[in-house]
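Here is the structure we will look at.
No lab work stands behind these numbers, since they all come straight from the coordinates. Only a predicted model underlies this, so the values are computations on that prediction, with no experimental measurement involved. Here the Cβ positions follow ideal geometry from the backbone for every residue, glycine too, while neighbour counts run over all protein chains shown.
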Amino acid sequence: MAVQERLYTAADLLALSVSGKRYELVEGHLIEMSPAGKAHGLLTLEIGYRLKTFTQPRDLGQVFGAETGFKVAEAPDTVYGVDVAFVSKARAQQGEDYFTGAPDLAVEVISPGNTQTEMHEKVMHYFRAGAHLVWIVYS
């Protein structure tokens, strides 16, 4: 008899956030994420800072830093922690859970463990969920 693997939901992932580990959810499957390296952290901060200093005085929307979850697909759920994201004022959402849909701009800084296939899949998920622009940044 085959054992059926459990598919997780965005709600399950949100409940796991208290465990101290980082996860993304890809089509219902939990993917454990390792901490980012120094160069990655510095680069995401710099990009976020520059986006924030441009968008805030113009009241264009919100800039989100790493670890912010965006639910880009349902049944099975996919939730990515975008490295840097921008959401226009018109698409702002309230609440403490994950943003439903993709950011208008998603920025992914490539880490040594990222594969080309993985990044292509992320980009496609972002666009299918409504992203207007995706930046893939190599440090």
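For the reader, a short list of remarks on this structure follows.
- Inter-label distance for Arg58 and Glu32, nm, one decimal - labels placed 7 Å from Cα along Cα-to-Cβ: 4.2
- Under 29 Å from the Cα of Lys21 - lysines, other chains or at least 8 residues apart: Lys38, Lys52, Lys71, Lys122
- Nearest-ten-degree value, helix 38-55 long axis tilted from longest Cα axis of the chain: 50
- Gain on full extension, evaluated as 0.36 nm per residue between Ala75 and Met124 minus their Cα-Cα distance, stands at 16.0 nm.
- Per DSSP, loop trypsin sites (Lys or Arg not before Pro) in the range 36-80 with at most 15 further Cβ within 10 Å: Arg58
- Additional length obtainable on full extension of the chain from Asn114 to Lys89, 0.36 nm per residue less Cα span: 5.9 nm
- Choice from Ser34, Ser88, Ser111 with maximal GNM fluctuation in the chain (Cα, 10 Å cutoff): Ser34
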